[in-house]
Amino acid sequence: MKFIVSFTTSPTRINKCEIMLQSILNQTRKADLIILNIPKIFQRTGEEYNIPKNFSDKITINIIDRDFGPATKIIPTIKYLNDNQYNINDTCIIYLDDDIKYMNRMIESYEKTILNNDNTVWGAIGFDFIDNKIKHKIKHNSKCSIIEGYAGVCVKLSIFENDFFEYIEKYINDIDCRLSDDVILSNYYHKKNIKINIISIPKYYSIDEMLIRGAILDYGNGEDALHNGANGLVESNFNRYNKVIDILNNNNDYYIKINNKINNNVNNNVIKFSLNKRFLNIISKKI
């Protein structure tokens with residue numbers, strides 16, 4: 001199985017992500033390819049990128065015409081791998097954020113966990129909707145409704161079928177959908193009846209240990225971070241996610257499943273997000 005590490009960054013962060021990149025280069029199981037997707041123009045601000053020269057010998061820089069928002073961390077990679085004839089049944093993509101120092105056994109952990117005949121999506125942290133609130137999921141092998149990209153998500157290339165890009169095109173031009181990649185991608189996995197599971201292996205790869213070790217780099221909680229409103233450009237994640245659920249539902253395209261028993265008063269088809277303080281205390285500022 002080949003493991004492809006994929007991420008994107010912004011013009012203001014591209015000179016800051018050396019620590020994150022080193023954490024990928026220092027993996028015990030080396031990535032078969034590290035790909036950085038860079039749009040010609042960063043749509044959020046209209047800025048161009050100044051790519052550091054020392055990046056070129058470490059990773060594959062994939063210059064793309066179009067900015068897909070935070071989902072740029074994976075969408076262009078799918079096309080790149082298909083165009084370069086990677087075996088869809090023998091290729092996994094680990095998509096990441098640019099502001100995390102990842103544990104050095106992350107890829108090794110995924111390789112030991114993922115079965116050849118299983119298309120399950122794996123990630124270090126996710127959540128469910130229960131009683132109109134959010135329940136954080138971090139226990140190994142537990143199922144979740146939404147998988148969060150910042151801690152790392154591993155997906156098989158074969159998951160993304162011919163309808164994937166058509167699905168993305170339906171929502172990518174809406175600002176709330178565009179900036180809610182965790183929901184849009186997770187909804188696609190559910191649409192394909194793909195399970196979403198949590199990976200948590202002590203001393204190897206777990207969200208608990210990542211947070212304890214200070215894995216979130218300083219700029220990860222800056223004002224330009226999406227979860228902090230992207231310098232006032234957007235609402236908080238939770239307010240934005242509510243709108244995305246409405247949009248998906250109005251298009252008869254809402255597939256996110258609920259993995260726990262819910263209150264009878266909660267609409268099974270459209271379960272809104274609400275802020276859960278206990279959840280926030282567990283997760284830290286990253287969400």
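The values are calculated or read from the model by the stated rules, or taken from the named source; none is laboratory data. Only a predicted model underlies this, so the values are computations on that prediction, with no experimental measurement involved. Because the Cβ atoms are built from the backbone with ideal geometry, glycine has one as well, and the counts that use them run over all protein chains shown.
Checking every residue in the stretch 151-159 against the condition of being at pLDDT below 95 and within 26 Å of I24 (Cα to Cα) gives zero matches.
Across the stretch 29-64, what is the number of residues that are part of a loop (DSSP other than H, G, I, E, B), farther than 13 Å from C17 by Cβ and of a type outside the set (A, V, I, L, M, F, W, C)? Spell out the reasoning first.
First, pick out the residues of the stretch 29-64 that are part of a loop (DSSP other than H, G, I, E, B): 29-32, 40-41, 43-46, 48-52, 56-59.
Then keep just the ones that are farther than 13 Å from C17 by Cβ; that gives 29-32, 40-41, 43-46, 48, 50, 56-57.
Those still in the list that are of a type outside the set (A, V, I, L, M, F, W, C) too: 29-30, 32, 40, 43-46, 48, 50, 56-57.
The number of residues fulfilling the criteria is 12.
Listed by first and then second residue, the pairs with beta-carbon distance under 9 Å, at least 6 apart or on different chains, first residue in the stretch 248-264 and aromatic (F, W, Y) and in a loop (DSSP other than H, G, I, E, B), second surrounded by 15 or more Cβ atoms within 10 Å (Cβ to Cβ) and at pLDDT below 50, are Y254/V270. Annotation: of all residues in the stretch 1-19 being at pLDDT 95 or above and outside any loop (DSSP other than H, G, I, E, B), the one that is nearest to F42 (Cα to Cα) is T8.
Looking at the structure I just gave you, is F42 out of contact with any strand residue (DSSP E or B) (no Cβ under 7 Å at 6 or more places or on another chain) and closer than 17 Å to Y219 by Cβ? Yes. Based on what the data block shows, is I19 on the phi < 0 side of the Ramachandran plot and crowded, with 17+ Cβ neighbours inside 10 Å? It is false that I19 is on the phi < 0 side of the Ramachandran plot and crowded, with 17+ Cβ neighbours inside 10 Å.
May I ask you to list the residues in the stretch 144-187 that are in contact (Cβ under 8 Å) with a residue 40 or more places away in the chain, crowded, with 21+ Cβ neighbours inside 10 Å and among the acidic types (D, E)? Within the stretch 144-187, E148, D181 meet the criteria.
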